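Below is one structure, written out as structure tokens; the observations come after it.
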Amino acid sequence: MPFDPPRSLSPSKVSSFRSCPLAFRFTAIERLPDPATEATVKGTLVHTALEGLFWNHPQGRRSPAAAAAELAAAWDQLQDDADFRSLELGPEGAEAMRADAAQLVANYFAVEDPDEITPVGVELTLDAQVGGVRLRGILDRLDRTPDGELVVVDYKTGRAPSPNYEQARLAGVQLYALLCQEVLGQRPAQVRLLHLKEPTVIAAEPTEQVLRGQRTKTLAVWDAIERACRSEDFRPKTGPLCNWCAFQAFCPAYGGDPDEAAAVLGGGVSAA
């Protein structure tokens, strides 16, 4: 029988469908478990520390020491986290993750001064109906400048993309800008990707033309998802990232059967 489409789209779901419709089916439609990785757990750890830096420390007190203290608290909480425990890192592996996260948090101070930031929201959820599609996103941070402009900020803990792939990385955060315009009635003046590994910043201005394009592309993705659900046709898209895909064993491009995935991994219900 045809699949039920997800009840909402997020920047990550849009990116997932564009990258590989079959992987999207597994995670967003059938909600099969996607095992945690060191990269995802470390990313969550760093995000939690930076979130605490802004939640728990006023302007003038957002120092590297304060950020280190937030990371230490987040690390303590992580010890009981199911995803972290599933990695089975051992003492040396766990210490390597903690040290890498500490370096990423320290690198944050090379890309901006948090004492000069006035956040409107941290881990801010925005939800809007756009062209009949429910769009939902969680912003790492939304700032307001002294001029009253909005700035969308997204933290990245992986490697910064090459110049040829910068626009692709900006697509998700541009969708956050569209959500800001729809929900708050104000188009952000800038979107900023803070890549902490290098560290470096990729910034862009979400013009009215850019946001119209994002709206059109997002609705086109939604139409494609609905067609795929009706026809039960989610085709795989192969590439270098296939080597890290948790569902490769069930991919027909590698001799697998997609319909066996739910039986083996355990399916959920339609995604919210």
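Structure above, values below:
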quantity	calculated
Label-point separation, ALA99 to ARG212 (7 Å along Cα→Cβ), nm	5.3
Among GLU205, GLU38, GLU88, residue whose mean-square fluctuation peaks in a GNM of the chain (springs only between Cα atoms under 10 Å)	GLU88
The chain: proportion of alpha-carbon pairs further apart than 29 angstrom, %	39
Rounded percent of accessible protein surface that carbon and sulfur make up, the chain, 1.4 Å probe	49
Segment ARG7-ARG134, length gained on full extension (0.36 nm per residue, minus Cα span)	45.0 nm
Normalised contact order of the chain, rounded percent, pairs of Cα under 8 Å and 6 or more residues apart	27
Percent of beta bridges antiparallel (DSSP, region 114-240, rounded to nearest 5)	75
Cα-based reach from LYS156 at 18 Å (exclusive), listing lysines while leaving out same-chain residues under 8 positions away	LYS13, LYS42, LYS197
Modelled FRET efficiency - R0 25 Å, ALA220 with SER19, Cβ distances, 0.05 increments	0.95
Gained length - VAL120 relative to SER162, 0.36 nm times residue gap less alpha-carbon distance	12.1 nm
For the chain: accessible area per residue (Å², 1.4 Å)	52
Cβ-Cβ FRET estimate between SER86 and GLN59, R0 fixed at 35 Å, reported to 0.05	0.35
Max mean-square fluctuation residue, GNM over the chain, Cα-Cα springs under 10 Å, options HIS57, HIS195, HIS47	HIS57
Point-to-point label distance, THR37-VAL264, nm (Cα→Cβ direction, 7 Å offset)	1.8
Counting DSSP beta bridges with both ends in the chain, the antiparallel % (nearest 5)	75
Distance in nm between pseudo-label sites at ASP127 and VAL183 (7 Å out along the Cβ direction from Cα)	1.0
Shape box of region 30-77 [Cα atoms, principal axes, largest first, Å]	46, 18, 15
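The values are calculated or read from the model by the stated rules, or taken from the named source; none is laboratory data. Treat the numbers as computed from the prediction; the structure is a model and nothing was measured. Counting neighbours? That spans all protein chains shown, and the Cβs are built from the backbone with ideal geometry, glycine included. The area values use the complete protein model at the heavy-atom level, side chains included, leaving out ligands, DNA and RNA. Shrake-Rupley method; radii C 1.70, N 1.55, O 1.52, S 1.80 Å.
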